[in-house]
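*Asks:* I am attaching a structure below and will ask some questions about it afterwards.
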Amino acid sequence: MKHILLIATGGTIASQPTTNGLAPQLRAGDILGSVPKLRELCRVEALQLMNIDSTNMAPDCWLSIAACVRRHYDAFDGFVITHGTDTMAYTACALSYLIQGSAKPIVLTGSQRSIYSEDTDARRNLYDAFLAAQDDALFGVLLVFNGLVIAGTRARKTRTKSMNAFSSIDYPDIALLREGKILHYIREQKPAGEPVFYDRLNPRVFVLRLIPGMDPGVLRLLLTRYDALVIESFGVGGLPCYEQEDFLAAVRAWSEAGKPIVITTQVPHEGSDLMVYQVGARVAGMPGVLQAQTMTVEAVVAKLMWILPQSRDLGKISSLFQTPIAHDLLRFE
Ligand code: ASP
């Protein structure tokens, strides 16, 4: 039997009603106790790392989760991390950068309803997560939800209320889970050797959603507080050229300060390509301007936070950003 560690962090799966709405109150032991058939699947140990609504999950929490996996890595065959659904996709991305080359599965899961609700999805998701965590063919950071195994860097919460809350963005699901069995859609070679753990993140990354008529002055304000900027622009990507080209001047100010700007899109699928239109191409060549291409916004944010402590050199930042990690950056060949 495989030996799996449950790391509980809170979320709806651990929540109970309070006078002020749902809040995480159940402990790791309560969560495990509600799925007794897990005992037939694997040997489980549990620890309570934090007990928070994932709205309160921040980069320092991602570092604690990664450090917890690192501390226990050799003693277990796989890991299940219970987590709120609201920011689970960001955590999945962050862990994909903080723990690279893991041959063991590190599986995030949660639920849309508390484990004690009659119509909960928690028991199924939890069982499925353990099924994935003890599977010989799966590895690396994965998100398991509503019967799907999704690559950590491709997951996004796409529904606020339904049980099928997560989607894999522009990448196939890794596997399907049905009635205690796994159907692998993708089988890949497991990484050889030991994983590489990282222990630093720079949280000073801002995401700006462009709207028609936005005041370009906002980019200069952000420059005083942040070390990297992600602009969710329109369509395949570009920046407006009104206001005497103030957008371009502001972009230049960021690059002169040695801080990267990543252009992505607010369209949910198919990524960005700045070279298609003039409004994009004239920005694409500017120093310090990077393109998200097929990376999700969650992945871009976490990747920048992981890259920034490693270098202040825009060339090095750009080359790390453009190096694919755990399926974050997909290229047509
Ligand atoms: N607000 C909750 C959280 O993210 C929602 C959930 O878990 O479904 O912690």
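Throughout, read-outs are computed from the coordinates displayed, never taken from laboratory work. Just so you know, these numbers come straight off a predicted model, no measurement behind them. Cβ placement follows ideal geometry from the backbone for every residue including glycine, while neighbour counts extend to all protein chains displayed.
*Asks:* Computed over the Cα atoms, what is the radius of gyration of segment 129-234 divided by 2.2 N^0.38 Å, N being its residue count?
*Replies:* Against the compact-globule rule of thumb, the ratio is 1.47.
*Asks:* With the dipole of the chain worked out from charges on the C-beta (+1 for Lys and Arg, -1 for Asp and Glu) around the Cα centre, which of T109, I231, I307 lies farthest toward the positive end?
*Replies:* Projecting each Cα onto the dipole axis, the largest value belongs to T109.
*Asks:* Between L208 and T18, what is 0.36 nm times their sequence separation minus the Cα-Cα distance? Round to one decimal in nm.
*Replies:* Extra length from L208 to T18 when fully extended: 65.0 nm.
*Asks:* Quick one: grab the alpha carbon gyration tensor of segment 269-309, order the square roots of its eigenvalues as a ≥ b ≥ c, and give me rounded if a/c is under 1.5, else prolate or oblate depending on whether a/b is larger than b/c.
*Replies:* It comes out oblate by the Cα gyration axes.
*Asks:* Could you work out the equivalent-ellipsoid semi-axes for segment 188-245, taking the square root of 5 times each eigenvalue of the Cα gyration tensor, largest first, in whole Å? Write out the running numbers ahead of the final one.
*Replies:* Working: eigenvalues 253, 61, 11 Å².
Output for segment 188-245: semi-axes of 36, 17, 7 Å.
*Asks:* Could you give the size of the charge dipole of segment 135-186 about its Cα centre, using +1 on the Cβ of each K and R and -1 on the Cβ of each D and E, expressed in debye and rounded to the nearest 20?
*Replies:* Here segment 135-186 has a charge dipole of around 340 debye.
*Asks:* Oh, and also: What FRET efficiency, computed as 1/(1 + (r/R0)^6) with R0 = 45 Å and r the Cβ-Cβ distance, is obtained for L176 and D313, rounded to the nearest 0.05? Don't skip to the end; give the middle numbers.
*Replies:* Details: r = 43 Å, r/R0 = 0.96.
After rounding to 0.05, the efficiency reads 0.55.
*Asks:* If I fit a long axis through the Cα atoms of helix 122-133 and take the longest principal axis of the Cα atoms of the chain, what angle between them do I get, 0 to 90°, rounded to 10?
*Replies:* Taking Cα atoms only, the helix is inclined about 80 degrees.
*Asks:* On to the next question. How compact and how long is segment 1-151, expressed as Rg and Dmax of its alpha-carbon atoms in Å?
*Replies:* My reading of the Cα-based Rg and Dmax gives 13.9, 45 Å.
*Asks:* Okay, next question. Within 10 Å, count the other beta carbons around each residue, average over each peptide in 177-189, 225-237, 257-269, and list them highest first.
*Replies:* 225-237, 257-269, 177-189
*Asks:* Once phi is turned into θ = phi - 60°, what whole-Hz ³J(HN,Hα) does the Karplus curve with 6.51, -1.76 and 1.60 give for every residue of segment 187-200, x standing for Gly and Pro?
*Replies:* After applying 6.51 cos²θ - 1.76 cosθ + 1.60, I find 10, 10, 5, 6, x, 8, x, 7, x, 9, 9, 10, 10, 9 Hz.
*Asks:* Follow-up question, since we're still on this one. Just rank S319, S168, fewest to most, by other beta-carbon atoms within 10 angstrom.
*Replies:* S319, S168
*Asks:* Sticking with this structure for a sec: Can you give me the Cα centroid spacing of segment 142-194 and segment 1-60 in angstrom?
*Replies:* The distance from the Cα centre of segment 142-194 to that of segment 1-60 comes to 20 Å.
*Asks:* Right, something else. Could you check the spin-label model distance between R43 and R220? Points 7 Å from the Cα along Cα→Cβ, value in nm.
*Replies:* 6.4 nm
*Asks:* Additional query: Residue by residue, what Karplus-based ³J(HN,Hα) values in Hz, rounded to whole numbers, does segment 303-311 have, using 6.51, -1.76 and 1.60 with θ = phi - 60° and x for Gly and Pro?
*Replies:* With the stated coefficients, segment 303-311 comes to 5, 4, 4, 7, 6, 3, x, 8, 7 Hz.
*Asks:* So, with +1 on the Cβ of K and R and -1 on the Cβ of D and E, and no other charges, what is the size of the charge dipole of the chain about its Cα centre, to the nearest 20 debye?
*Replies:* With Lys and Arg at +1 and Asp and Glu at -1, about 380 debye.
*Asks:* So what's segment 216-263 giving for Cα Rg divided by 2.2 N^0.38 Å, two decimals?
*Replies:* Working: Rg = 10.3 Å, N = 48, 2.2 N^0.38 = 9.6 Å.
Normalised by 2.2 N^0.38 Å, the Cα Rg of segment 216-263 equals 1.08.
*Asks:* Let me ask you something else. When the convex hull of the Cα atoms of the chain is projected onto a plane and the area is averaged over all directions, what value comes out in nm²? Each step should come with its number before you reach the end.
*Replies:* Values: hull surface 70.0 nm².
Computing the convex hull of the Cα atoms and averaging its projections yields 17.5 nm².
*Asks:* Follow-up question, since we're still on this one. Scaled to the compact-protein estimate 2.2 N^0.38 Å, what is the alpha-carbon radius of gyration of segment 98-138, rounded to two decimal places? Working shown, then result.
*Replies:* Working: Rg = 12.6 Å, N = 41, 2.2 N^0.38 = 9.0 Å.
Taking N as the residue count of segment 98-138, the ratio is 1.40.
*Asks:* In nm, what is the difference between 0.36 nm times the number of residues separating M286 and R70 and their Cα-Cα distance?
*Replies:* On the way: separation 216, 0.36 × 216 = 77.76 nm, distance 3.92 nm.
The span from M286 to R70 would gain 73.8 nm if fully extended.
*Asks:* Per the helix-only calculation at 222 nm, which mean residue ellipticity applies to the chain, given -39500 (n - 2.57) for every DSSP H run of n ≥ 4 and division by its residues, nearest 500 deg cm²/dmol?
*Replies:* -7500 deg cm²/dmol
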